[in-house]
Each structure stands twice: as C-alpha cells, then as structure tokens.
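Q: Encoded as structure tokens, here's the structure I'll be asking about.
The values are calculated or read from the model by the stated rules, or taken from the named source; none is laboratory data. Treat the numbers as computed from the prediction; the structure is a model and nothing was measured. Virtual Cβ from ideal backbone geometry, glycine too; neighbours counted across all protein chains shown. SASA here: full protein model, heavy atoms, side chains in, ligands and nucleic acids out. Shrake-Rupley method; radii C 1.70, N 1.55, O 1.52, S 1.80 Å.
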Amino acid sequence: PAELAELTVVLLKCDVVAVDTESDSFFHYYEKVCLMQFADGEGNSWLVDPLAVRDMSALAPLMSSPGVEKLFHGGENDIGLLKRDFKFEFARVYDTQAAARFCGRQELGLQTLLDKEFGIRLSKVHQRTDWSRRPLDPGQVAYAAEDVRHLRKLRDRLQEDLVRRGREAWAREEGEALGAMGPAAVREP
C-alpha cells in the first residue's frame, strides 16, 4: 500500500499517464481486474497488482485529476471495470482507439496501429492469459508493460492528424463520454 501511494504521487506529477488493465474474463465467470499498467510520457511503466494490494483507493486522486490526462486504448471495458471494482471516477480521458477512428484509420487494434505508425511490433501471445494466476512470468510482465509504453507517442501522432482534420474536439468529447460512463455490470449467476 505504501508503494502504491508513492506511485500515485509520481503519476500525479505527469501531464499524461497511459492506463490499461488485464482481467480474467476468459477464465472466470465473475471477472475482475487482475493487473493495472501505467506509463508516463517518457515510456517508463509500472505494474500494479490489485490481487496483492486489495485497496486501490490511493489511485483515486490520479483517476479523477483534471490535471492529468489518462490515455486508454479501447478504454470502455477498462474504465467500466475500474469503476465497478474500485469505484474510481474519471476526468480527462483520451482514447487512442477512438482518435484513430476519427483519423480514418481502418484497423484500430493497438498492435496494428503501433506497427503502421512507428514500426513497433507488439507480441499478443499473452492476450488471453489467465491474469489471475501468480506469479506472472517475465513474458507476461513484458507484454503488460508494452501495452502502455507507447500510448503517449501514438496519442501525439493521432492528435496531430486530428488537428489537421479539424476533429480534435471529437476526441475530447469521446474521452468525456468514456469518463462519464457507468460501471461495468456484475453478471448474475
């Protein structure tokens, strides 16, 4: 818990923080957030294990801070789960998948966008891993970190394109809508 509080202090000093989650929905009927990933604009990344530290409330000021832009890629599921599991509120959300759609990109997956925009090839071998199992192996750790490490660079590239197309406000509005959406539903038995 103390390290989580320290991480929050570090991330609150950033202008942009990339966020992603991994859950166990392919393996458990009642899915839960099993891993949270964060990266700053410099590409430094941190992994947070909500299975080890059950109280995630230290991160609430980060999620609700209007001074820090939270970057997601396809964030609807992530935000819904974070709201449901940890009661987070969100301010200043930016979704790179939505931005890519508004830029007219045909393929919207993170792996494809990073490859086409920067020649960065992500492995998706751990995409359907049971993230509730511990310990995580080095491949899982690397996969999780890479899912957030390049989001700032992608956001900046897409933002330039949005400005050229006069669609910058569209991405902002989409982020506001994502931040305001309700929590994910709990499945009934």
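Q: In the chain, with Lys and Arg counted as +1 and Asp and Glu as -1 at Cβ, which of these residues, PRO66, LEU136, TRP170, has the Cα nearest the positive end of the dipole, that is, farthest along it?
A: Comparing the listed Cα positions along the dipole, TRP170 ranks first.
Q: Counting DSSP beta bridges with both partners in the chain, what percentage is antiparallel, nearest 5? Write down the numbers at each step before the final one.
A: Details: 10 of 16 bridges.
So the antiparallel bridges amount to about 60 percent of the total.
Q: With +1 on each Lys and Arg Cβ and -1 on each Asp and Glu Cβ, how big is the dipole of segment 11-83 about its Cα centre, in debye rounded to the nearest 20? Mind dumping the intermediate values first?
A: Details: 5 positive and 12 negative charges, 48 e Å.
For this selection, approximately 240 debye.
Q: Which value, in debye to the nearest 20, gives the size of the charge dipole of segment 21-154 about its Cα centre, when Lys and Arg are +1 and Asp and Glu are -1 at the Cβ?
A: Numbers: 18 positive and 20 negative charges, 29 e Å.
So the magnitude is around 140 debye.
Q: Let me ask you something else. For segment 67-78, take each phi angle, set θ = phi - 60°, evaluate the Karplus expression 6.51 cos²θ - 1.76 cosθ + 1.60, and give the result in whole Hz per residue in order, putting x for glycine and proline.
A: Once rounded to whole Hz, the list reads x, 10, 7, 9, 9, 10, 10, x, x, 4, 5, 4.
Q: Continuing with the same structure: Can you report the principal axis dimensions of the chain using only the alpha carbons, biggest first, rounded to whole angstrom?
A: If we take the Cα atoms of the chain, the spans are 45, 36, 34 Å.
Q: Rg/Rh for segment 1-57: what does it come to with C-alpha atoms and Rh from Kirkwood? Present the calculation step by step, with values, prior to reporting the outcome.
A: Details: Rg = 12.6 Å, Rh = 12.3 Å.
So for segment 1-57, dividing Rg by the Kirkwood Rh gives 1.02.
Q: Total Lys pairs in the chain closer than 19 Å by alpha-carbon, pairs eight or more apart in sequence or interchain only?
A: 9
Q: Taking the mean number of other Cβ atoms within 10 Å as a proxy for protection, how do you rank 58-71, 127-140 from highest to lowest?
A: Details: 58-71: 18.5, 127-140: 14.0.
Top to bottom by mean Cβ count within 10 Å: 58-71, 127-140.
Q: Can you give the charge dipole size of segment 71-150 about its Cα centre, rounded to the nearest 20 debye, using +1 on the beta carbon of Lys and Arg and -1 on the beta carbon of Asp and Glu?
A: Working: 13 positive and 12 negative charges, 16 e Å.
The calculated dipole for segment 71-150 is roughly 80 debye.
Q: What does the charge count near GLY109 come to, summing +1 for each Lys or Arg and -1 for each Asp or Glu among other residues with Cβ under 13 Å from its Cβ? Don't skip to the answer; put the middle values down first.
A: Numbers: positive: ARG101, ARG105, LYS116, ARG121, LYS124; negative: GLU107, ASP115, GLU117, ASP147.
That sum, taken over residues with Cβ under 13 Å, equals +1.
Q: What ³J(HN,Hα) values, in whole Hz, does the Karplus curve 6.51 cos²θ - 1.76 cosθ + 1.60 give for segment 115-131 when θ = phi - 60°, with x put for Gly and Pro?
A: Karplus-based 3J(HN,Hα) across segment 115-131 equals 5, 6, 7, 10, x, 8, 10, 8, 7, 10, 4, 9, 4, 10, 6, 7, 6 Hz.
Q: Here is a follow-up. Residue farthest toward the positive end of the dipole of the chain, with Cβ of Lys/Arg at +1 and Asp/Glu at -1: which of ALA91, VAL53, LEU108?
A: Comparing the listed Cα positions along the dipole, LEU108 ranks first.
Q: Tell me the carbon and sulfur percent of the accessible area for segment 90-157, rounded to whole percent, probe radius 1.4 Å.
A: On the way: 1620 of 3450 Å².
Reported share for carbon and sulfur atoms: 47 percent.
Q: Still on this structure: With every protein chain left in place, what is the accessible area per residue of segment 50-189 in square angstrom, probe 1.4 Å? Don't skip to the end; give the middle numbers.
A: Values: 7220 Å² over 140 residues.
Per-residue accessible area for segment 50-189 comes out at 52 Å².
Q: Right, something else. Average projected area of the Cα convex hull of segment 77-189, in nm²? Walk me through the numbers before you get to the answer.
A: Working: hull surface 34.7 nm².
About 8.7 nm², averaged over all directions.
Q: Could you please state, rounded to a whole Å, how far the C-alpha centre of segment 70-99 is from the C-alpha centre of segment 1-47?
A: 11 Å
Q: If you don't mind, there's one more thing I want to ask. Given a cut-off of under 8 Å on Cα pairs at least six residues apart, what relative contact order in percent is computed for segment 61-142?
A: Numbers: 64 pairs, mean separation 19.3, N = 82.
Relative contact order of segment 61-142: 24 percent.
Q: When the Karplus curve 6.51 cos²θ - 1.76 cosθ + 1.60 is applied with θ = phi - 60°, which whole-Hz ³J(HN,Hα) does each residue of segment 83-91 get, with x for Gly and Pro?
A: Per-residue couplings from phi come out as 5, 5, 6, 10, 6, 5, 10, 10, 10 Hz.
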